[in-house]
Amino acid sequence: MVFVATSFSFVAHDVLRDSQREMIEDALATLEKNGYLFAAAPTGIGKTAAALSATLARATNHPDGKKTVLFMTGRQSQHRIVVDTVRKINTRMNGQKVRLVDLIGRESMCVDVDRFTGRCNCEFGINDSILHDAREGLKRYILEDPRHVDDVIEQGKQRKVCSWTCARQCAKECDLIVLDYNHVFIDKVREASLDSMGVELSNSILIVDEAHNLPNRIRRGLERRLTAKVLRDCVSEMQEHRGNEDKAVAKALEADGTEIWTEDAEEALLAEKALMRIREKVGAHLNNLKRVLGDDAEQMTDPEELLGIFYSSLEETLDEPMTMARFIHTLESVRIEIDEALDTDPEIACHRLAELLDILYTRQGDSALATVFDMLGEEGRITTYLLDPGVVAKPILKQASGGILMSGTLFPPSMYGDILGVPTEGEAVYKEYSSPFESDRRPVILATDVTTRYKDRSASNTRKIREHIHGLLRQTPGHVAVFLPSYNMLEEIIEDGSWPGLHLIVEERTWSKSRVQDVLNRLHRSRDSGQRCLLAGVYNARLSEGVDYEGNILDAVICVGIPMAPPTASNQALRDYISDRFGERNAWKYSAAQPAMNAILQAMGRAIRKAKDRAVVLVLERRVDDRGYKACLPTGLNMFHTGEPEATERLVRRFFQRHPEPARNTE
């Protein structure tokens, strides 16, 4: 069913799908109370357009004055979708158009950014007399119509001005800013980004796209590693930095005969002495942990004990001990020469240590912060882990003026509200939206006669998994993607198998974004030439998540096994924390089962990107039908059961008889 869109403002289309209309209504009602809508919205219902319609309407007519909409996404392809959607919205508006600015990382927008000064070479050689006019011209270009960031970058190069600077200067004049999660949910990035753009979090409404990724993105924001090598490098870097400070003093003395002992030079000398003691004491601590580790993969350590070693090192080394804040600041101020073309790790060790110490120092006593020791080569390392992303997200969500968190795999939505610590003061709505096409155009077949559970693995089980795959391949006209829990299992089941008539493309751990794009281009070329491909990847890796397989390039997706997290010390710590916070009943679901099932759902969603796409999904794991795992699936997901490869082949044949041709280039 479709609905005429005249009852809503800021809509991109003349008619709305029923789920899209429902989402807009829910969002408007929630935002009216400055609350948050957690929307599990499958691909094809138009959730991006729905979220923009509701948030722009609320931001424009907010009782506390006009708000700015911050649309956060980790995928650059989604940036383009947002810009294109806003263009469609503007074509339907009679009055003021929506102003938008699209931002990505500075390294991608600028030429040769200096890591210390923050300056780039975008405007090198341009005359000061024309620089102002050139900048104003680019800003007018950005504001006159929604622009893709690639177009802004190209215009900046042509005008010889900094597209990053101009885009940020436009932000406070815009209704909508498209940017990465880090600009809001990583403290230091937010302070350096939103504040400098004149955007206040309290004056903003948030949209978080692919919100199932947000908890882990926040966790990674506080993940830092400490090794003996880092400490050795810190000492040598501080010595080089201090030498540079001494040269500056000598240069001043030579210039006018006045001896100047700078505060920076004194701080560097004190920090160098402290680092030598820290290197000794932390090195001994790492060696002790290495001896205790034994055969275990990793072990939990005490972050307070580690911070105490740094404190004692400062106190024992110096007559007048530096405060931890001063020491961190001195580490941050280190400046040395780095040849990025020769150095495989151009990041400055002192800066890395400063970040780790800042985390330990600012979050001391917080049970949500854990440290883990494991082996890295011959040396051990300590890694900081944030067990509870809510300690970061909750104050941010509380400060903002409501928002929408959405994803095709935000299951169950209430779990993400718990994990992110939705403020109790505001209203939170948790909703699953149904797809108008999935049951017919993306049927899911579950094989109940195979499993990847460790104790049940056997040669006959592996053979039967391959027989199910072969049955699907015989009846599928085009490309097929298969995803497995690990690279070892990928090798065992896929690489060691035989797939006649298909070109096998196997994902590797080291693949970059450009390598993935090469594979996507290969799929399109192969389809045009009539060559069928079997694309093999791993859950939670490059190919199974965050990749848009556009143009219905995949006719089928096969999901093998359940990617359960291994029983490590850090995973057990996470489960224990969740048990204390949300109860034992939720511990296994929140920490293990639900993330694993969501990884499968993400893989399943690779084949269907638009409403008219069609594909078949085959799940090869009988445990998915067990009550505990089944409870992690969307309530509206119905699966066809098969108990043998022949039945699988018949079901696939019938599907492609009903849907013989892929729907390409559809809206």
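A short reminder: the numbers here are calculations on the coordinates, not readings from a lab. Quantities reported herein were computed from a predicted structural model and do not represent experimental measurements. Cβ: placed from backbone, ideal geometry, glycine included. Neighbour counts: every protein chain shown.
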(request) Report, in whole Å, the centroid distance computed from the Cα atoms of the stretch 26-51 and the stretch 157-183. (result) 26
(message) Run through the stretch 8-115 and list the GluC sites (Glu not before Pro) located in a DSSP loop whose Cβ has at most 16 other Cβ atoms within 10 Å.
(response) E32
(request) Could you tell me how many degrees, from 0 to 90 and to the nearest 10, lie between the Cα long axis of helix 569-582 and the main elongation axis, the longest principal axis, of the Cα atoms of the chain? (result) 80
(message) Looking only at Cβ-Cβ distances, which cysteines of the chain have no other cysteine closer than 4.7 Å?
(response) C166, C170, C174, C234, C350, C533, C559, C632
(message) Placing +1 on the Cβ of each Lys and Arg and -1 on the Cβ of each Asp and Glu in the stretch 531-667, which of G537, Y590, C632 has its Cα farthest towards the positive end of the resulting dipole?
(response) C632
(request) Please get the size of the charge dipole for the chain, origin at its Cα centre, with Cβ charges of +1 on Lys and Arg and -1 on Asp and Glu, quoted in debye to the nearest 20. (result) 3320
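Rounded, prolate or oblate for the stretch 280-366? Axes are the square roots of the Cα gyration tensor eigenvalues, ordered a ≥ b ≥ c, and the cut-off for rounded is a/c under 1.5. Each step should come with its number before you reach the end.
Details: a/c = 1.87, a/b = 1.16, b/c = 1.62.
Oblate, since a/c reaches 1.5 and b/c is not below a/b.
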(request) Mind pulling the angle between the C-alpha long axis of helix 645-658 and the longest principal axis of the chain? Nearest 10 degrees, somewhere in 0 to 90. (result) 80
(request) Quick one: pull the percentage of alpha-carbon pairs in the stretch 454-589 with a separation above 27 Å. (result) 32
(message) Helix 18-31 against the longest principal axis of the chain: what's the angle in degrees, Cα atoms only, rounded to the nearest 10?
(response) 30
(request) Indicate the gyration tensor shape class of the stretch 1-127 (rounded, prolate or oblate), computed on the Cα atoms with a ≥ b ≥ c the square roots of the eigenvalues: a/c under 1.5 is rounded; otherwise a/b larger than b/c is prolate and the rest oblate. (result) prolate
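For the stretch 393-476, what does the alpha-carbon gyration tensor say about shape, rounded, prolate or oblate, given a ≥ b ≥ c as the root eigenvalues, a/c under 1.5 as rounded, and a/b over b/c as prolate? Kindly include the intermediate steps, with their values, before the conclusion.
Numbers: a/c = 4.59, a/b = 2.22, b/c = 2.07.
Prolate is the answer for the stretch 393-476, as a/c is 1.5 or above and a/b outweighs b/c.
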(request) Per DSSP H run of n ≥ 4, the term is -39500 (n - 2.57); total these for the chain, divide by its residue number, and report the mean residue ellipticity at 222 nm rounded to 500 deg cm²/dmol. (result) -14500 deg cm²/dmol
(request) Send over the semi-axes of the stretch 105-172's equivalent ellipsoid, whole angstrom and largest first, taken as the square roots of 5 times the C-alpha gyration tensor eigenvalues. (result) 18, 15, 10
(request) Fewest Cβ neighbours within 10 Å first, please rank M197, M375 accordingly. (result) M375, M197
(request) Report the trypsin sites (Lys or Arg not before Pro) located in the stretch 114-153 that are in a DSSP loop and have at most 14 other Cβ atoms inside 10 Å of their Cβ, or state none. (result) R115, R119
(message) Please report, in whole Å³, the volume per residue of the convex hull around the C-alpha atoms of the chain.
(response) 189
(request) Sort S570, S196, S163 so that the residue with the fewest other Cβ atoms within 10 Å of its own Cβ comes first and the one with the most comes last. (result) S196, S570, S163
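Between the DSSP loop rule and a limit of at most 16 other Cβ atoms within 10 Å, which trypsin sites (Lys or Arg not before Pro) in the stretch 413-493 are left? Walk me through the intermediate numbers first.
On the way: sites: K431, R441, R453, K455, R457, R463, K464, R466, R474; in loops: R453, R457.
Answer in residue order: R453, R457.
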